[in-house]
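To start, the structure itself, in structure tokens.
The values are calculated or read from the model by the stated rules, or taken from the named source; none is laboratory data. The shown structure was predicted, so the numbers you read here are calculated from the model rather than taken from an experiment. Virtual Cβ from ideal backbone geometry, glycine too; neighbours counted across all protein chains shown. Accessible surface areas use protein heavy atoms only, side chains included; no ligands, DNA or RNA. Shrake-Rupley method; radii C 1.70, N 1.55, O 1.52, S 1.80 Å.
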Amino acid sequence: MSWKTIDRNQQVVDPKAPPVLTEAVREKIRSFFPRYETKRAVLLPALHIVQDASGHVSWQAMVEIAGVLEIAPSDVIDTISFYTHFWTEHKGKRVITVCRSISCEVMGGAAVLEELKTRLGIEEHQTTPDGKYSLVTEECLAGCDHAPCLLINEKLHKRVKPADVAKLLADPENDRIPVPRSDLFDAPKDHGAAEAGVGTTSDVQEMREA
Amino acid sequence: MASFEPVLLRNLGVENSRSVRVYESRGGYQAARKALKMTPDEVVEEVKKANLRGRGGAGFPAGVKWTFLPKDRTRTLLCVNADESEPPTFNNRVLMESDPHQLIEGTIIAAYATRAQIAYVYMRVEFHEQFHILQRAIDEAYAAGYLGEKIFGTDYCLECYVHRGAGAYVCGEETGLIESLEGKRGWPRIKPPFPAVEGLFRRPTVVNNVETLCCVPHIIERGANWFTSIGPPHSTGPKLFCISGPVNRPGCYESPMTITVRELIEREDMGGGMLKGKRVKAVLPGGASMGVLTAAELDMKMDFEDPRKYGLLGLGTAAAVVVDESVDLRGVLRNLTRFYGTESCGQCTQCREGTAWMYKIATRIAMDAGRLEDLDIILETSRNMGMMPGLSICGLPDGATYPIETLIKKFRGELEAAIRAQPPDRAERVLKVLN
Ligand SMILES: Cc1cc2nc3c(=O)[nH]c(=O)nc-3n(C[C@H](O)[C@H](O)[C@H](O)COP(=O)(O)O)c2cc1C
Ligand code: SF4
Ligand code: FES
């Protein structure tokens with residue numbers, strides 16, 4: 001939670017560059033408008049949508065989001081710099097978030113983190129050279145009954161032991177959540193949407209029609 | 001005491017408990033139907049009579065909070081606080097995972113009682129599975145006509161949206177939550193005005209915790225008298241208790257507020273005792289922010305009043321973590337100070353600097369480079385940053401003060417011994433690296 005300052009003469013966005021937000025992403029952002037009294041309140045959903053689609057929120061994306069929400073780009077930067085979940089630079093395809101709070105520490109979370117660092121060959125807040133994994137730590141994930149725990153993208157892994165780490169990293173499905181997805185927010189891109197066999201909210205739609 | 005039938009967790013472990021059909025087959029949505037036949041003021045009165053104290057940490061009676069809304073308001077908003085970021089708390093997660101419709105029903109009733117038109121569930125982003133579970137339940141409720149236009153065939157309309165956070169503890173503070181919902185930094189607001197008068201989008205707003213709202217349907221269904229018959233008079237109703245750390249059955253358990261910390265750890269149907277060979281050194285019984293107990297203080301009652309007698313801030317989130325004898329308390333001190341140091345939002349100088357200093361000093365101590373006077377410096381810092389001396393906008397620094405102060409006061413001997421036992425040459429080397 002810190003301030004980000006940039007030199008005002010420094011050009012951060014090329015005004016002639018083609019837009020980075022697709023029409024589908026813009027439409028998804030606009031679909032949140034009816035929920036709130038102001039367009040600015042759609043900023044957090046918008047940042048989630050953009051980050052899920054592009055893996056991070058670039059400077060240019062911020063300017064374009066500001067355009068869609070009819071607010072100043074500086075408002076977007078002001079908000080985004082507050083939250084740990086939004087990234088302004090590329091991360092790996094899968095982000096591993098290790099809990100470092102008290103229950104996980106007491107239950108041996110530090111050893112799991114060390115094992116991850118060794119296996120991946122990176123430190124906290126770094127990304128593997130092949131772009132597959134980034135490693136970060138966070139405060140309590142509210143999974144303390146399963147301590148020590150960590151998230152791989154959206155999936156919570158429970159009671160992880162250092163000896164499990166190698167297998168966990170090798171598992172191609174280690175970021176899939178086992179519940180039907182709502183289509184309001186997509187899975188981080190590169191990982192496909194809902195898997196075959198797992199329903200989405202559209203089957204609630206079917207239920208409604210039935 | 002007669003054995004206690006779970007209320008809030010009664011659907012836990014039932015097959016398909018997340019589906020509206022199973023929820024209804026077990027009596028779900030009857031309370032909401034009943035409430036919508038009452039007047040909003042009658043619902044408020046019933047909740048007030050039940051003395052339902054907020055489960056989010058402060059313990060403020062929900063019914064009383066609802067009466068602070070201006071009488072002549074035209075638009076009201078309800079925020080459901082599902083930010084749950086206090087370590088080591090996970091009871092809201094369990095409620096939303098196992099029984100999302102219970103929360104929706106509580107939300108409908110609370111919204112009706114406060115005449116709210118929109119309910120926003122502010123949910124921390126790390127709850128990915130829980131988001132999809134709750135959103136699906138909301139979609140089901142819309143499809144069944146329990147949300148949206150003309151709920152249960154009455155004239156009452158309510159929209160319910162989930163708003164996902166983005167990783168900040170302070171967004172659990174009610175005005176930080178409101179700012180975050182408005183698309184801004186989660187900076188708590190100066191009060192007054194309180195949210196009930198001027199909250200989200202400057203409208204009268206009620207913020208309630210998930211567990212608080214989950215109690216509401218049961219109060220309406222079975223009556224305030226039933227609710228007050230559970231637990232002591234100052235702490236009525238069923239309550240969820242979390243236990244984590246080196247115990248046999250870490251988890252979330254339901255009980256009246258009559259149990260002690262020892263029972264929570266030891267009882268077969270709760271923590272199930274310590275893991276083999278481990279012994280209790282310290283317990284943080286109410287979430288990280290309430291303070292620390294020693295192994296000799298485990299007879300503290302887990303209710304809203306008893307914790308104060310042990311020098312704690314309050315019941316907090318009633319989430320206990322056990323620290324066993326093998327753990328170095330200097331590490332615990334560092335872990336706790338780091339949490340507040342990184343999660344302070346930085347608006348108030350005393351909180352921003354104080355929490356950061358405490359973390360810096362605790363790091364030094366944990367790395368074998370402490371000085372005996374460091375403990376007093378931490379204590380002095382902690383006395384000079386909270387809402388209690390009137391130096392901050394929100395309660396985060398008070399929550400930072402209690403665990404640190406109680407840890408140092410109750411375990412001073414051990415901490416001092418560890419500092420005395422530091423190898424002097426190592427201290428010098430560490431200090432060179434740190435400074
Ligand atoms: C720093 C801070 C963090 C908080 N975090 C939460 C939280 O994660 N969840 C919650 O329900 N209340 C949290 N609270 C308490 C809320 O401000 C508020 O009291 C509560 O949501 C009111 O609901 P209740 O009356 O139903 O308990 C927090 C308070 C502070 C000062
Ligand atoms: S007390 Fe701390 S967390 Fe609360 S508003 Fe002030 S700086 Fe932010
Ligand atoms: S302390 Fe790690 S999930 Fe709560």
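Over the range B:20-228, the alpha carbon radius of gyration divided by the compact-protein estimate 2.2 N^0.38 Å works out to 0.93. Set the Cα radius of gyration of the protein assembly as shown against 2.2 N^0.38 Å, with N its number of residues, and you get 0.94. Assuming R0 = 45 Å, what is the FRET efficiency of B:ALA295 and B:VAL22, from their Cβ-Cβ distance, to the nearest 0.05? Efficiency, rounded to the nearest 0.05: 0.55.
In chain B, carbon and sulfur make up what percent of the accessible area (probe 1.4 Å)? After summing per-atom areas, the C and S share lands at 52 percent.
How much accessible area per residue does the protein assembly as shown have, counting only protein heavy atoms and a probe of 1.4 Å, in square angstrom? Per residue, the protein assembly as shown has an accessible area of 40 Å². Using protein heavy atoms only (no ligands, DNA or RNA), what is the total accessible area buried between A and B, 1.4 Å probe, nearest 100 Å²? Summing both chains' loss of accessible area gives about 5100 Å². Charges were assigned to the Cβ only: +1 to each Lys and Arg, -1 to each Asp and Glu. The resulting dipole of the range A:94-170 about its Cα centre is roughly 300 debye. Relative to the longest principal axis of the Cα atoms of chain B, the long axis of helix B:372-383 makes an angle of roughly 30 degrees. Dividing the mean sequence gap of close Cα pairs (under 8 Å, 6+ apart) by how many residues the range B:143-255 holds gives a relative contact order of 10 percent.
On the principal axes of its alpha carbon atoms, chain B extends 77, 47, 36 Å, with the longest extent given first. Translational diffusion coefficient of the range B:329-434 (Stokes-Einstein, Kirkwood radius from Cα pairs, 10 °C, 1.306 mPa s): 115 µm²/s. Using a probe of 1.4 Å on the protein chains alone, the accessible area found for B:ILE190 is around 120 Å². When the P(r) is computed for the range A:94-170, the part past 15 Å accounts for 47% of the Cα-Cα pairs.
One chain, two ends: B:GLU42 and B:GLU149. Fully extended at 0.36 nm per residue, the span grows by 36.3 nm beyond their Cα-Cα distance. Between A:LYS161 and B:ARG420, the simple label model (points 7 Å from Cα in the Cβ direction) yields a spacing of 4.0 nm.
Take every pair of alpha-carbon atoms less than 8 Å apart whose residues are at least six positions apart; their mean separation over the length of the range B:228-287 yields a relative contact order of 27 percent. The Cα atoms of the range A:23-80 give a gyration tensor whose axes a ≥ b ≥ c have a/c of 1.5 or more with a/b no greater than b/c, which makes the shape oblate. Note that the range B:239-324 shows a convex hull volume over its alpha carbon atoms of 71 Å³ per residue.
Quick one: grab the alpha carbon gyration tensor of the range B:166-272, order the square roots of its eigenvalues as a ≥ b ≥ c, and give me rounded if a/c is under 1.5, else prolate or oblate depending on whether a/b is larger than b/c. Verdict is oblate for the range B:166-272. What relative contact order, as a whole-number percentage, does the range B:329-434 give when Cα pairs under 8 Å and 6 or more residues apart are counted? Answer for the range B:329-434 is 31 percent. A Cα-only calculation for chain A places Rg and Dmax at 19.0, 60 Å.
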